[in-house]
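I have placed the structure first, in the form of structure tokens, so that the comments after it can refer back to it.
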Amino acid sequence: TAEMDRALDALLPIALQSQAVVVEHADLGARLLAERLAAAGHRRVITVGSDRSCDVRVVQAVWTGVTQTALSVGGEVHKFTLVTPGRRNALAAAAVFAAGLEIGADPRDLAASLTAFPGVPGFLTASTALGLPPSVTVLTSAARRPEEVADDLDSAFETTEGKVVVLGDLTRFRPDQAETLAGALAEASHVVLLAAPDDQQGTVTAVLDELARESVTLLRHGPCEPAPAAALSGLAADDDLVLLLGPVPSDREVR
């Protein structure tokens, strides 16, 4: 897209000044940056991900109260735990690990340090923004691709024995992603979608068309409409989890 091209144009000169660049294999923008770097003669691009071709590969990210994480680097396996859930936090930790190796850090020191890694904001980090009872866990997701939504939902289910309810602002997703996005959201126990401005409503409408009507609620804006917490009160009970997809609703302009 034009927006991605502009971002890559701005990022490329900065990346070219680096001795090494760490990119996530699964991210299209990162792969395109790696291609541009290679075309410009930059030889040191380190890939991180789950694919066997990655230089630093996440081979395990299992939640047991902490995330039991294992990375494969050059045939060696390095294990550590993360205090935050989610494969995307494991990928972020793997990127830190890769950068640390590049500057000569000891792998054992890196693994020990990552046990205190607090996670990336929006990568399944806890939130109290919705004002729900403490017995209902709220995790935030800044996922920007349907595949990331699916990963975060899988990880959310791993952390609870209750239901997983999604409260979603879909304005960051394109209408052509709706079918894949709906497939990811269909795994949730219930989905509450926030209505979007008219010029961005296409994705919401397309996702609504794909999901079973009994499992989705459309939350509109206005003085007569329920607040998100009220809409969730009958859907999420003790020990359930709410996955907040997108900006905190209270920060959104009421239309």
| From the options 9, 27, residue that is farther than 20 Å from residue 95 by Cα and within 25 Å of the chain's Cα centre (by Cα) | 9
| Scanning the range 68-89 for residues that are under 16 Å from residue 22 (Cα atoms) and modelled with pLDDT under 95, which turns out surrounded by the fewest Cβ atoms within 10 Å (Cβ to Cβ)? | 74
| query | Out of (1) of a type in the set (D, E, K, R); (2) surrounded by fewer than 16 Cβ atoms within 10 Å (Cβ to Cβ); (3) in contact with a helix residue (DSSP H, G or I) (Cβ under 9 Å, 6 or more places away or on another chain), the odd one out for residue 151 is which? | reply | (2)
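Can you name the residue in the range 30-45 that is touching a residue at least 12 places away in the same chain (Cβ under 8 Å) and not in a strand (DSSP E or B) and is also farthest from residue 93 (Cα to Cα) among such residues? Even if it seems obvious, please write down each step before you answer.
Here is the first cut: in the range 30-45, the residues touching a residue at least 12 places away in the same chain (Cβ under 8 Å) are 32-34, 36-37, 40, 42, 44-45.
Now restrict to residues that are not in a strand (DSSP E or B): 32-34, 36-37, 40, 42, 44.
On the way: 32: 22, 33: 20, 34: 20, 36: 25, 37: 23, 40: 28, 42: 24, 44: 20 Å.
Going through the qualifying residues, I end up with 40.
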| query | Does the range 13-29 hold any residues that are among the β-branched types (Val, Ile, Thr) and free of Cβ contacts under 8 Å to residues at least 12 places away in the same chain, and which are they? | reply | 14
| query | Do you know which residues across the range 129-149 are in contact (Cβ under 8 Å) with a residue 12 or more places away in the chain and assigned to a loop (DSSP other than H, G, I, E, B)? | reply | 129, 130, 131, 132, 133, 135, 136, 142, 143, 144, 145
| message | Could you list, ordered by first residue, the pairs with Cβ atoms under 6 Å in which the first is in the range 58-74 and farther than 14 Å from residue 151 by Cβ and the second is part of a loop (DSSP other than H, G, I, E, B), at least 6 apart or interchain? | response | 66/83
| said: Looking at the range 121-140, can you tell me whether even one residue there is of a type in the set (A, V, I, L, M) and touching a Phe, Trp or Tyr at 6+ places or on another chain (Cβ under 6 Å)? | reply: no
| task | Give the residues of the range 11-38 that are closer than 16 Å to residue 1 by Cα, among the small types (Gly, Ala, Ser) and out of contact with any Asp or Glu (no Cβ under 7 Å at 6 or more places or on another chain), sorted by residue number. | result | 29
| note | Selection from the range 159-209 of residues of a type in the set (Ser, Thr, Tyr) and under 22 Å from residue 238 (Cβ atoms) yields 159, 160, 189
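Suppose we filter 244, 218, 211 for residues that are surrounded by 21 or more Cβ atoms within 10 Å (Cβ to Cβ) and not assigned by TED's automatic domain parsing to the domain that holds residue 28; which single one remains? So that I can check it myself, show each step before the final result.
Numbers: 218 fails: surrounded by 21 or more Cβ atoms within 10 Å (Cβ to Cβ); 211 fails: surrounded by 21 or more Cβ atoms within 10 Å (Cβ to Cβ).
Just one listed residue meets the conditions, 244.
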| task | Return the only residue of 171, 203, 159 being crowded, with 16+ Cβ neighbours inside 10 Å, outside the structural domain of residue 92 (by TED's automatic domain parsing) and over 16 Å from the mean Cα position of the chain (by Cα). | result | 203
| message | Which count do you get for residues in the range 104-128 that are in a loop (DSSP other than H, G, I, E, B), touching a strand residue (DSSP E or B) at 6+ places or on another chain (Cβ under 7 Å) and either surrounded by 15 or more Cβ atoms within 10 Å (Cβ to Cβ) or of a type in the set (D, E, K, R) (or both)? | response | 4
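The values are calculated or read from the model by the stated rules, or taken from the named source; none is laboratory data. This is a predicted model, so every value here is computed, not measured. A quick note on method: Cβ atoms are made from the backbone with ideal geometry, for glycine too, and the neighbour counts reach across all protein chains shown.
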